[in-house]
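Undergrad: Following this message is one structure expressed as structure tokens.
The values are calculated or read from the model by the stated rules, or taken from the named source; none is laboratory data. None of these values were measured; they are calculated from a predicted model. Counting neighbours? That spans all protein chains shown, and the Cβs are built from the backbone with ideal geometry, glycine included.
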Amino acid sequence: MRDGCWPPRPARATFARTRPLERFHLSDTVTLTLRAPPERLVEAECIVPDRFATLGAREIPELPVWEGRRQLRLGDLFDVQGERSATVRVVGDASMIDAMGAGMTAGELVIDGNAGRYVGSRMAGGTLRVTGNAGYGAGLEMAGGVLMIDGNAGDRAGAARLGASKGMLGGEIVVRGTVGAEAGARMRRGTLVCGRAGPRAGEAMIAGNVIVLGSAGEGAGCWNKRGSIVVLGEVPIPLTYGYDCTYRPPHVALALRSLRVRYQLPIGEAHLTGRYARYSGDLAELGKGEILQWMSAA
């Protein structure tokens, strides 16, 4: 029953009540401008570009966000411009806003500033870029797409949730700065690239690739099953790894060249043509993983 009457009104009356066509205008970008940094942590899983692609200017501000147990509106925190676009830009220091881009499957999300925890977690497609730093769990359990962080990232980037058996399942994470502890822990597939890595990078990897353009902390690759860790700087080799040989791995040159072109990373020609020491391990596990450390130019 509609408008309290039965039977329904004729079709011509329904058409007469239809909203004007300009309501369905497509925007190039939906821009969310943070009014002020929140004082408490806010969870905003609603900020995903593939969801915004179907929402109008009145619907986007009504999306729910959570401050603890208290539900807020997205419009309470952000000024919203644009509608129905899979290209979304967040402006402001969002370091207290968690889970932006969580579960996204398509589109483009640019966070023009810092991001909070779990940015891009469980994402399966699309492109997400953070121009500042990101908090704990960036790209946690990521399955596809590209996550780029221009600054630093916190602990467990591209890793598994605590207690979970599998971490990153696909896609690429590129952190130009430093990642915290346990980056890529329990990763199954995909590639994680960082400028420097904290302790225990690639811990308990099942497979996949961790590429460190600088130095890596202690415990890199501990309990690694089949994963590959490439380090262009210094890395303490765990005692449970064994030295195999020093050689020029062609697959590493191809991967580094591709990354340099696509992301303009500081990878020199010497890294492409140089020699790498190969250590196999972790011998406390299957022993089919490896750490490749760049040694010298050709």
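Undergrad: For region 216-298, please list each of the strands (runs of 3 or more DSSP E) lying entirely inside it that holds at least 3 residues being in contact with a Lys or Arg (Cβ under 9 Å, 6 or more places away or on another chain).
TA: Details: elements: 228-231, 242-247, 275-281, 289-296.
Once the strands (runs of 3 or more DSSP E) in region 216-298 are filtered for at least 3 residues that are in contact with a Lys or Arg (Cβ under 9 Å, 6 or more places away or on another chain), what remains is 242-247, 275-281, 289-296.
Undergrad: Right, next: Looking at Leu128 and the list (1) outside any strand (DSSP E or B); (2) free of Cβ contacts under 8 Å to residues at least 40 places away in the same chain, which single condition is not satisfied?
TA: Exception for Leu128: condition (1).
Undergrad: A further question follows. How many of the residues in region 259-284 are among the basic types (Lys, Arg) and in contact with a Leu (Cβ under 7 Å, 6 or more places away or on another chain)?
TA: Result for region 259-284: 1.
Undergrad: Using the structure shown, decide if Thr33 is assigned to a strand (DSSP E or B), under 22 Å from the mean Cα position of the chain (by Cα) and at pLDDT 95 or above.
TA: Criteria met by Thr33.
Undergrad: While we're here: Applying the selection to region 58-69, what residues are buried (at least 18 other Cβ atoms within 10 Å of the Cβ) and in a helix (DSSP H, G or I)?
TA: Answer for region 58-69, where residues must be buried (at least 18 other Cβ atoms within 10 Å of the Cβ) and in a helix (DSSP H, G or I): just Ile60.
Undergrad: Picking from Leu55, Leu41, which residue would you name as being closer than 17 Å to Ala99 by Cα and either modelled with pLDDT under 95 or surrounded by 10 or more Cβ atoms within 10 Å (Cβ to Cβ) (or both)?
TA: On the way: Leu55 fails: closer than 17 Å to Ala99 by Cα.
None of the other options fit; the residue is Leu41.
Undergrad: Considering only residues that are touching a Phe, Trp or Tyr at 6+ places or on another chain (Cβ under 9 Å) and either surrounded by fewer than 21 Cβ atoms within 10 Å (Cβ to Cβ) or farther than 17 Å from Asn133 by Cα (or both), which ones fall in region 187-203?
TA: The initial filter retains those residues of region 187-203 that are touching a Phe, Trp or Tyr at 6+ places or on another chain (Cβ under 9 Å), namely 193, 203.
Within region 187-203, just Glu203 meets the criteria.
Undergrad: Just checking, which of Gly219, Gly208 is more than 14 Å from the chain's Cα centre (by Cα) and more than 22 Å from Thr105 (Cβ to Cβ)? Step through it out loud before you land on a result.
TA: Numbers: Gly208 fails: more than 22 Å from Thr105 (Cβ to Cβ).
Criteria check complete, one pass: Gly219.
Undergrad: Evaluate the following for Ile206: is it within 17 Å of Ala138 (Cβ to Cβ), surrounded by 20 or more Cβ atoms within 10 Å (Cβ to Cβ) and of a type in the set (Val, Ile, Thr)?
TA: Values: within 17 Å of Ala138 (Cβ to Cβ): no; surrounded by 20 or more Cβ atoms within 10 Å (Cβ to Cβ): yes; of a type in the set (Val, Ile, Thr): yes.
Criteria not met by Ile206.
Undergrad: Here is a further query. Of the residues Tyr279, Tyr263, which is aromatic (Phe, Trp, Tyr) and surrounded by fewer than 16 Cβ atoms within 10 Å (Cβ to Cβ)? Before the answer, list the steps.
TA: Values: Tyr279 fails: surrounded by fewer than 16 Cβ atoms within 10 Å (Cβ to Cβ).
The conditions single out Tyr263.
Undergrad: Counting just the residues of region 153-199 that are among the polar types (S, T, N, Q) and more than 12 Å from the chain's Cα centre (by Cα), which one comes out farthest from Gly227 (Cα to Cα)? Spell out the reasoning first.
TA: Restricting attention to region 153-199, the residues satisfying the condition of being among the polar types (S, T, N, Q) are 165, 178, 191.
Cutting the leftovers down to more than 12 Å from the chain's Cα centre (by Cα) gives us 165, 178.
Numbers: Ser165: 15, Thr178: 20 Å.
Checking each candidate, the answer is Thr178.
Undergrad: If you take just the strands (runs of 3 or more DSSP E) that sit entirely in region 70-124, which of them hold at least 1 residues that are without any contact (Cβ under 8 Å) to a residue 12 or more places away in the chain and farther than 14 Å from Pro37 by Cβ? Walk me through it before giving the result.
TA: Numbers: elements: 70-73, 78-81, 87-91, 108-112.
Result: 70-73.
Undergrad: Here are Gly170, Gly163: which of them is without any contact (Cβ under 8 Å) to a residue 24 or more places away in the chain and surrounded by fewer than 19 Cβ atoms within 10 Å (Cβ to Cβ)?
TA: Only one candidate passes the filter, namely Gly163.
Undergrad: On to the next question. So which residues in region 35-93 are touching a helix residue (DSSP H, G or I) at 6+ places or on another chain (Cβ under 9 Å) and polar (S, T, N, Q), if there are any at all?
TA: Selection gives Ser85, Thr87.
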